[in-house]
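A.B. asks: Once you've had a glance at the structure underneath, I'll fire off some questions.
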Amino acid sequence: ALLREIDDLKIVGVRTKPAGLSEGLRRTEGDVPITQENLLSLQGKGYYFTRDGSLLSNEGELEVRTSKGVNYILRFGEVLYGTGDDVTAGGESEGSEESGPGENRYLFITATFDQDSLPEPPKPSNTRFEEKSEDEWTDADRQNKERKEQHDAWQASVDEGKSLAEELNSRFADWYYVISADAFDKIRSDREDLVKKKES
């Protein structure tokens, strides 16, 4: 049920991130430069940096792992009240209401690639089979050919995963997303939903 809700998650609005923060989030290496403008923008949406540079959100986060090694981190932030254009793209009343109809929630999305989730298969001991005709192959040559094919397929999957994570981060970097409170409630799990008392 949780996976279905994540798969069906609908974005009801967007807000732009400060240019410096967006550019930093596009980078795959190095620290993100944090300016006072970045900090104020993040805090206003419910996101905070710790002293060690980790990003925390005031309503927790959810990590979704995929079979391709690409992991999505969904960080849930502050409440945003409003309806219609005020939510879709930001209207005059944005940020001025502390309560009211149309409760929504900020969502900060990033993607990472976890290469450890795709174990590397053994490499061929040599590729001498490429210099022979197939009739001359030994059992060792056949094994090396099979290993090379498996390793090449693994490398292609790794390259694809890295490329996809970079593409997703570039897409997510410019935006704070907004989701409805109803969608948030369906995804958010309390401790009571996940833990039960051990039977004696």
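Each reported figure results from applying straightforward, stated rules to the coordinates on display, with no laboratory input. Values in this document were obtained by computation on a predicted structure and should not be read as measured data. Quick reminder, even Gly has a Cβ in these numbers, built from the backbone with ideal geometry, and neighbours come from all protein chains shown.
A.B. asks: Listed highest first by mean packing, meaning other Cβ atoms within 10 Å per residue, what order do 62-70, 135-143 come in? Walk me through the numbers on the way to the answer.
C.D. replies: On the way: 62-70: 14.7, 135-143: 11.8.
Top of the packing list down: 62-70, 135-143.
A.B. asks: Follow-up question, since we're still on this one. Of the cross-linked pairs LYS17/LYS68; LYS10/LYS68; LYS68/LYS198; LYS68/LYS186; LYS68/LYS132, which ones have a Cα-Cα span greater than 31 Å in the structure shown? Display every interim value, and only then the final one.
C.D. replies: Numbers: LYS17/LYS68 28 Å; LYS10/LYS68 23 Å; LYS68/LYS198 35 Å; LYS68/LYS186 25 Å; LYS68/LYS132 35 Å.
Violating the 31 Å Cα-Cα cut-off are LYS68/LYS198; LYS68/LYS132.
A.B. asks: If you don't mind, another one. ³J(HN,Hα) across region 189-200 via Karplus (A = 6.51, B = -1.76, C = 1.60, θ = phi - 60°), whole Hz, x for Gly/Pro?
C.D. replies: 10, 7, 4, 5, 6, 10, 10, 10, 5, 5, 6, 7
A.B. asks: Follow-up question, since we're still on this one. Rounded to the nearest 0.05, what FRET efficiency is calculated for ASP7 and TRP154 with R0 set to 41 Å and r the Cβ-Cβ distance?
C.D. replies: Values: r = 27 Å, r/R0 = 0.66.
Rounded to the nearest 0.05, the efficiency is 0.95.
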